[in-house]
1. Scan segment 203-223 and give yes if some residue there is more than 29 Å from Q53 (Cβ to Cβ) and either polar (S, T, N, Q) or not in a helix (DSSP H, G or I) (or both), otherwise no.
2. Using beta carbons and a limit of 7 Å, which pairs, at least six apart or on different chains, have the first residue in segment 306-332 and in a helix (DSSP H, G or I) and open to solvent by 50 Å² or more (accessible area, probe 1.4 Å) and the second one modelled with pLDDT under 95 and of a type outside the set (A, V, I, L, M, F, W, C)?
3. For segment 1-23, give me each residue that is at pLDDT below 90, within 22 Å of N75 (Cβ to Cβ) and part of a strand (DSSP E or B).
4. Given the condition within 20 Å of C339 (Cα to Cα) and either open to solvent by less than 50 Å² (accessible area, probe 1.4 Å) or modelled with pLDDT under 95 (or both), answer yes or no: does some residue in segment 258-270 qualify?
5. Quick check: is even one residue across segment 138-159 more than 29 Å from P42 (Cα to Cα), aromatic (F, W, Y), surrounded by fewer than 24 Cβ atoms within 10 Å (Cβ to Cβ) and modelled with pLDDT of 95 or more?
6. For segment 73-129, enumerate the residues that are among the polar types (S, T, N, Q) and either more than 23 Å from L59 (Cα to Cα) or surrounded by fewer than 23 Cβ atoms within 10 Å (Cβ to Cβ) (or both).
7. How about segment 204-232: which of its residues are open to solvent by 20 Å² or more (accessible area, probe 1.4 Å) and of a type in the set (D, E)?
8. Under 6 Å between Cβ atoms, which residue pairs at least 6 apart in sequence (or on different chains) link something in segment 166-195 that is on the phi > 0 side of the Ramachandran plot and modelled with pLDDT under 95 with a partner that is of a type outside the set (A, V, I, L, M, F, W, C) and open to solvent by 10 Å² or more (accessible area, probe 1.4 Å)?
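The values are calculated or read from the model by the stated rules, or taken from the named source; none is laboratory data. As the structure is a computational prediction, the values presented were derived from the model and not from experiment. Quick reminder, even Gly has a Cβ in these numbers, built from the backbone with ideal geometry, and neighbours come from all protein chains shown. With ligands, DNA and RNA removed, areas are computed over all heavy atoms of the protein, side chains included. Shrake-Rupley method; radii C 1.70, N 1.55, O 1.52, S 1.80 Å.
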Amino acid sequence: WCLPFCCVCVFAPMPILGMDHPLLDILSEVDASMLQRYCLQPNNAILAEERHQPIYQELAALPGVQYIAGGATQNTIRVAQWMLQLAGSTAYMGCIGDDAFGKQMAEECAKDGVRTAYMVDASTPTGCCAVLLTGTERSLCTTLRAAHNFTAAFLKRPEVWQLVEAADIIYSSGFFITSCEDSMRLAASEADRRGAIYCLNLAAPFIAQVPAFKKAVKELLPKVDFLFGNETEAQAWAESEGWETRDVQFIAMRLSLVPLEKRVSDRPSGLAVLPTPRKRVVVITQGSDPTVMAVNGHVTQHPIVELPREKLVDTNGAGDAYVGGFLAALSRGLPLAECCAAAAYAASVIVQHSGCSFPDKPQYSLKQRGCCSDMVPHLYGA
């Protein structure tokens, strides 16, 4: 199913590329005794210790087990692909092991229509997230394993780098900074060189709280066109900056005004020259409250899709799905308000399913305005 060190499926050029830590979500209904045996708590999420390692094979042996390609950015890319409904519209890269779980993840992405360029580390197992379901409660136990081992050398391989060169939109979560900062810098620089759109997600409060990770984000920010996060992550960033506020609108406004340093150049991919100066877009979700968006200091709010409590199954992937819907609409050249509407729809569907899973087709139409060159007036013009 793969080359000795590289699994690459190459098709026609695509608009959206994701880079991050790929994880195989392994979901199953279990009884409370399994949580007790592994010292897990319901409605909680932890990184696995040595004592938790057998849990993945134990879940895999259960009759009702489900496998879902996961990890924050991989979730986002799968949702974007689902919204676009055109095979090959998205691609994803990360590091997996040469094992059954890696093969399962590659098959899941292929079934969804996502192109993959997985670096395969034969010496390290594929990263996994055990999702233990007990009624309406769930416990998550994650082991990154091979996901931490992606390298810039692999990214520079011609058959892999061509995906970066073809992408109109490149997206990573802040989690990738913990192990692959150099790869993120390379991708951001390539996006800058071509005038492509580079997107980043704050990912988790600890990204702002750990000095080395925050430093890496601050170094990337001048190249970031779209910055995503939730209210907790935004507030953690504000606290780390000493802004002395928890006002999400103010924080989004401040982040949107961090200087954006993007060159203006001809686009080898055929997209139009983007205007200068570029304007950063900051998108902060707030759970059941309206999403906050700031563009060059101007703040707007955008509604979510409200659902009755009985329809909520799993909210863990809501943020990932929101970004997936947003990027899908962005790749079709839709105005920012319509990107938020598509994002809200995508999130509303995913929270009604276990894990980041969805029906065969969305009940939502992305009315294309044109290629990414056509979306420039909507995004960056008055």
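1. Checked against the condition, which is being more than 29 Å from Q53 (Cβ to Cβ) and either polar (S, T, N, Q) or not in a helix (DSSP H, G or I) (or both), segment 203-223 yields no hits at all.
2. K311/Q352
3. C7, V8
4. The answer is no; no qualifying residue exists.
5. Taking every residue of segment 138-159 in turn, at least one turns out to be more than 29 Å from P42 (Cα to Cα), aromatic (F, W, Y), surrounded by fewer than 24 Cβ atoms within 10 Å (Cβ to Cβ) and modelled with pLDDT of 95 or more.
6. T73, T76, Q81, Q85, S89, T90, Q104, T116, S123, T124
7. Hits for segment 204-232 are E219, E231.
8. Pairs that qualify, where the first residue is on the phi > 0 side of the Ramachandran plot and modelled with pLDDT under 95 and the partner is of a type outside the set (A, V, I, L, M, F, W, C) and open to solvent by 10 Å² or more (accessible area, probe 1.4 Å), are G195/S265; G195/R267.
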